[in-house]
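The values are calculated or read from the model by the stated rules, or taken from the named source; none is laboratory data. What you see is a predicted model; the values in this text were computed from it and never measured. Positions of Cβ are generated from backbone atoms using ideal geometry, with glycine treated the same way; all protein chains shown enter the neighbour counts. In case anyone asks, the SASA skips ligands and DNA or RNA and just uses the protein heavy atoms, side chains included. Shrake-Rupley method; radii C 1.70, N 1.55, O 1.52, S 1.80 Å.
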Amino acid sequence: METLQSQLSTGYAPIPGIHDELMDSHGVMRPHYEFLISSLDSLGPDRLASRQQEAYRLLKENGVTYSIYGSPSGENRIWPLDLIPVVIPSDDWAPLERGLTQRAELLDLILRDLFNERSILYEKKIPADLLFRSHAFYRACHDMIPPGLKGLSYLATDISRNRDGSFVALGDRVQAPSGSGYSLENRIILSRVLPSIYRDSQVHRMATYFRTLRRNLARLMHNRKKDPLAVLLTPGPANETYFEHAYLASYLGYSLAEAEDLTVREQKLYLKTVEGFQQVDIVFRRVNDEFLDPLELRPDSLLGVPGLLQCIRAGNVIVVNPPGSAILEDRALLAYLPDLSRHFLGEDLILPNATTYWLGDPSMRAEARNRQDIVIKPTIRRRGEEGYFLSELSTSERQDLWERIESRPHAYIAQEVLAGCGCPVFLDGRYQAARGIYRTFV
């Protein structure tokens, strides 16, 4: 029987031109993977395939699903979990952790500034058009962050690697970032199907993250109640990650609520229960900004609670992350983060961005037009319009694209195309290299 160890020496082929997590540029296995690979090798491909089937069975039994928007059948799909984890040693993780912590602090300062004094506009650190023409900026969310409190309670940042292995940030999710619940379930499943390997690998535990999140959210209302009532606001079962909403609510000990389960009375938010109305202190939301309050934001929304923003202004409820944080997901900000880091923190970004040009800035647009190694993306993520890689377009297609951009340049960015990174997956009974992007949570 061919072992995984021999496959690695004869059959595993890293993707050319990118950083590979498993093997270095000389085709030698990285030291921090040796224990994992030797342990998997002791199982052999057949037993590993059996464990993979066991993982699929557990995921199915636990109802770990996600739905596909736009799918003709609208079905829920079983969460795809590969058995081969990406291993990042502590020495590599420590500088990344510092970079993510710095990034979270910077984005919090930017958010509080944009919805309070807006000094970065007056000092021309960002163009006014970037803010006021952004579809992610909502004037109704002014003064949503109480004085003395941080704006952000959690943050997700997508990262990749350069060819030399250094990490680079691709973008941030702050409104309702998904994935943390799935990550926890991934760990639980792996600990059951590969118990000895998981136990002996000295993996950093994830429970600390969730305990800290819950403790910090409770502290936001420490002046009101000893034991505040928290709800997780979900769009409902039709949402693509509804499993995670229910899973996190149960894990954190929060009530899972949809908009129809909540009501506003005298500038206070209440949860409807069989015992009557119970005042809500904290809303851990998984609903995007525009849908939160049909009175002041999107009027046709059925996912939000009428009057919610006024409850926040009155100081009677805390919503995390606060309404208005959608602006931090506007990709145009990525072009200005390096300068904003020096402005707010007096230091360069530890975790750099992929080089980004906001095409609403004429000088940046002119620079981007001279490059072919870029991808054009909308500043606000839109389903079905993920990006246009110029190197893959014909001359006429590039011309048509730039004509569309010139009519609405503020709605697009250009970003350098990263080499990315590769990681091993177990597919069709053998190791293969696949491209990877990582989502991190702070």
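Just give me the residues in the range 177-192 being under 19 Å from the mean Cα position of the chain (by Cα) and in contact (Cβ under 8 Å) with a residue 40 or more places away in the chain, in sequence order.
Within the range 177-192, Pro177, Ser178, Gly179, Ser180, Gly181, Tyr182, Ser183, Leu184, Glu185, Asn186 meet the criteria.
Taking the range 329-354, which residues are open to solvent by 10 Å² or more (accessible area, probe 1.4 Å) and within 21 Å of Ser134 (Cα to Cα)?
The answer is Glu329, Arg331, Leu334, Ala335, Tyr336, Pro338, Asp339, Asn353.
Please find, among Asp41, Asp82, Asp46, the residue that is among the charged types (D, E, K, R) and either free of Cβ contacts under 8 Å to residues at least 24 places away in the same chain or not in a helix (DSSP H, G or I) (or both).
Asp82
Assuming Lys268 fulfils every condition listed in (1) more than 22 Å from the chain's Cα centre (by Cα); (2) open to solvent by less than 40 Å² (accessible area, probe 1.4 Å) apart from one, which condition is it?
Here Lys268 meets the rest and fails (2).
Of everything in the range 89-117 that's touching a helix residue (DSSP H, G or I) at 6+ places or on another chain (Cβ under 8 Å) and assigned to a loop (DSSP other than H, G, I, E, B), which residue is nearest to Phe137 (Cα to Cα)?
Phe115
Quick one: which of Tyr388, Tyr357, Tyr438, Tyr412 is open to solvent by 30 Å² or more (accessible area, probe 1.4 Å), within 27 Å of Gly99 (Cα to Cα) and aromatic (Phe, Trp, Tyr)?
Tyr438
Residue check, Val264 against (1) in contact with a Lys or Arg (Cβ under 9 Å, 6 or more places away or on another chain); (2) in a strand (DSSP E or B), all met but one. Which one?
(1)
List pairs: first residue in the range 392-409 and closer than 14 Å to Ala368 by Cα, second residue of a type in the set (Val, Ile, Thr) anywhere in the structure, Cβ distance under 9 angstrom, at least six positions apart or on different chains.
Leu401/Ile376; Trp402/Ile376; Ile405/Ile376
Check off (1) closer than 29 Å to Tyr438 by Cβ; (2) modelled with pLDDT under 90; (3) among the hydroxyl-bearing types (Ser, Thr, Tyr) for Ser73 and give me the number that stays unchecked.
(1)
Check off (1) modelled with pLDDT under 95; (2) over 16 Å from the mean Cα position of the chain (by Cα); (3) closer than 19 Å to Asp158 by Cα for Arg371 and give me the number that stays unchecked.
Of everything listed in (1) modelled with pLDDT under 95; (2) over 16 Å from the mean Cα position of the chain (by Cα); (3) closer than 19 Å to Asp158 by Cα, Arg371 misses just condition (3).
Keeping to the range 136-165, report how many residues are β-branched (Val, Ile, Thr) and either over 14 Å from Arg112 (Cα atoms) or part of a strand (DSSP E or B) (or both).
Matching residues across the range 136-165 total 2.
Rundown of residues vs (1) open to solvent by less than 60 Å² (accessible area, probe 1.4 Å); (2) modelled with pLDDT of 90 or more, yes/no style:
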| position | (1), (2) |
| --- | --- |
| Arg139 | no, yes |
| Lys150 | no, no |
| Gly179 | yes, yes |
| Ser196 | yes, yes |
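Of the numbered conditions (1) assigned to a strand (DSSP E or B); (2) closer than 30 Å to Ala257 by Cα, Ile327 fails exactly one; give the number of that condition.
Evaluating Ile327 over (1) assigned to a strand (DSSP E or B); (2) closer than 30 Å to Ala257 by Cα leaves (1) as the failure.
Given the options Leu43, Leu36, name the one that is surrounded by 13 or more Cβ atoms within 10 Å (Cβ to Cβ), at pLDDT below 90 and aliphatic (A, V, I, L, M).
Leu43
Which residues, taken from the range 256-265, are in contact with a Ser or Thr (Cβ under 9 Å, 6 or more places away or on another chain) and open to solvent by 40 Å² or more (accessible area, probe 1.4 Å)?
If the condition is that a residue be in contact with a Ser or Thr (Cβ under 9 Å, 6 or more places away or on another chain) and open to solvent by 40 Å² or more (accessible area, probe 1.4 Å), then Leu256, Glu258, Asp261 are the ones that fit.
Scan the range 193-204 and report the pairs whose first residue is more than 15 Å from Asp82 (Cβ to Cβ) and of a type in the set (A, V, I, L, M, F, W, C) and whose second residue is at pLDDT 90 or above and not in a helix (DSSP H, G or I), with Cβ atoms within less than 9 Å and a gap of 6+ or a chain change.
Hits for this filter: Val203/Pro85.
All but one of (1) crowded, with 18+ Cβ neighbours inside 10 Å; (2) closer than 22 Å to Asp129 by Cα; (3) touching a residue at least 60 places away in the same chain (Cβ under 8 Å) hold for Ala433; state the number of the condition that does not hold.
Here Ala433 meets the rest and fails (2).
Which of the residues spanning the range 415-430 are part of a loop (DSSP other than H, G, I, E, B) and either open to solvent by 60 Å² or more (accessible area, probe 1.4 Å) or within 30 Å of Arg369 (Cα to Cα) (or both)?
Val417, Leu418, Ala419, Gly420, Asp428
Could you say whether any residue in the range 187-208 is within 30 Å of Leu303 (Cα to Cα), of a type outside the set (Gly, Ala, Ser), assigned to a helix (DSSP H, G or I) and out of contact with any Asp or Glu (no Cβ under 9 Å at 6 or more places or on another chain)?
Checking the range 187-208: not a single residue is within 30 Å of Leu303 (Cα to Cα), of a type outside the set (Gly, Ala, Ser), assigned to a helix (DSSP H, G or I) and out of contact with any Asp or Glu (no Cβ under 9 Å at 6 or more places or on another chain).
So Ala176 fits all but one of (1) in contact with a Phe, Trp or Tyr (Cβ under 9 Å, 6 or more places away or on another chain); (2) not in a strand (DSSP E or B); what number is the exception?
All conditions are met except number (1).
Checking Gly324 against (1) farther than 30 Å from Ala419 by Cβ; (2) buried (at least 20 other Cβ atoms within 10 Å of the Cβ); (3) over 19 Å from the mean Cα position of the chain (by Cα): exactly one of these is not met. Which one?
With (1) farther than 30 Å from Ala419 by Cβ; (2) buried (at least 20 other Cβ atoms within 10 Å of the Cβ); (3) over 19 Å from the mean Cα position of the chain (by Cα) applied to Gly324, the lone miss is (3).
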